[in-house]
1. In sequence order, what are the phi-derived ³J(HN,Hα) couplings for segment 71-85 according to the Karplus relation 6.51 cos²θ - 1.76 cosθ + 1.60 with θ = phi - 60°, rounded to whole Hz, with x for glycine and proline?
2. For residue 139, which sequence-distant residues (separation of 5 or more, or a different chain) have an amide H within less than 5 Å of its own amide H, given hydrogens modelled in the peptide plane?
3. Ordered by packing density, taken as the mean number of other Cβ atoms within 10 Å over each peptide's residues, highest first, how do 182-191, 99-108, 13-22, 236-245 rank?
4. At 0.36 nm per residue, and after removing the present C-alpha to C-alpha distance, how many nm does the segment from residue 219 to residue 194 gain when stretched out fully?
5. Can you tell me the length gained on complete extension of the stretch residue 124 to residue 208, counting 0.36 nm per residue apart and subtracting the Cα distance?
6. With axes computed from alpha carbons, what is the tilt in degrees of helix 119-132 against the longest principal axis of the chain, rounded to the nearest 10 within 0 to 90?
7. Taking only DSSP H segments of four or more residues, each worth -39500 (n - 2.57), what value at 222 nm results for the chain once the sum is divided by all its residues, to the nearest 500 deg cm²/dmol?
8. Give me 120, 214 ranked fewest to most by other Cβ atoms within 10 Å of their Cβ, as a rough exposure proxy.
Amino acid sequence: MANTTPVVLITGASRGIGAAAATLAARDGFDVAIGYVKNEAAAQQVAEAVRRRGRKATIVQGDVARMEDISRMFNQAEEQLGPITALVNNSGVTGHIGPFANTTSATIEEVFRVNVFGTMECCRQAVERFRSNNIPGVIVNVSSVAARTGSPHEYIHYAASKAAVETFTLGLAREVAEYGIRVCAVAPGSTLTDIHATAGEPNRPERVAPRIPMGRLAQPEEIAETITWLLSPAASYLTGNVVHCSGGV
């Protein structure tokens, strides 16, 4: 008998928003493939959290900036859990925070390789599999409120990459709708994850919180709730949408 359990692959799921989305997807009945780049121990912890929810989990190592890694991640996920029915493109990098004039060409290239090329290739792989298996799959791409604000003096290159993701989401959604495949995006505002420290400014949450109408940063679970809602039948008539979860920004 074919596996009827929904299976989601989440990239960048060893921490932050991705880890929260993995746990909430398990709550909602998904088996979960947890993508990670380096931190295998953290990915295993997320897998255990999924299993405690009564769902199957596997971890798949790979860097979405490397096209050859992406096929392997999908293949391993399907070998362990069965056909993928949903994809969350959560992997993303900002590069160093600061004026654009101080940004290196290497940083710009890395950001676009991960945020844009990686997202596009993961989507291509997912759509190919959905169509081969006649699955009305769902894709949720994680964008950023930066796509709308431009993020001057911080990371214009990152904002531009996320704007590309949103345009791609709309175009792909309209292209594959006839196959029953939905594609949406979530645009989080500033969220309490280690992305700030990785970008070189661990105190950024305190600096930006006053600009947010709600007066605080998001918890990862708040963004993850939006992601998993879009994966669910409750969002069955949404495609091509970008849902802003940004505290009023």
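Every number here is computed from the coordinates shown, using simple stated rules; none is lab data. Keep in mind it's a predicted model, so treat the numbers as computed, not measured. A quick note on method: Cβ atoms are made from the backbone with ideal geometry, for glycine too, and the neighbour counts reach across all protein chains shown.
1. Using θ = phi - 60°, the values come out as 4, 4, 4, 4, 4, 5, 4, 6, 4, 7, 10, x, x, 6, 10 Hz.
2. 87, 182, 183, 184
3. Numbers: 182-191: 24.9, 99-108: 12.3, 13-22: 26.6, 236-245: 16.2.
Highest-to-lowest ranking by the protection proxy: 13-22, 182-191, 236-245, 99-108.
4. Values: separation 25, 0.36 × 25 = 9.00 nm, distance 1.17 nm.
Contour length minus the Cα-Cα distance gives 7.8 nm.
5. Details: separation 84, 0.36 × 84 = 30.24 nm, distance 3.54 nm.
Stretched fully, the residue 124-residue 208 segment lengthens by 26.7 nm.
6. Value to nearest ten degrees: 20.
7. Numbers: 10 runs with 108 residues, N = 249.
So the helix-based figure for the chain works out to -13000 deg cm²/dmol.
8. Details: 120 18, 214 12.
Starting with the residue having the fewest Cβ neighbours, the order is 214, 120.
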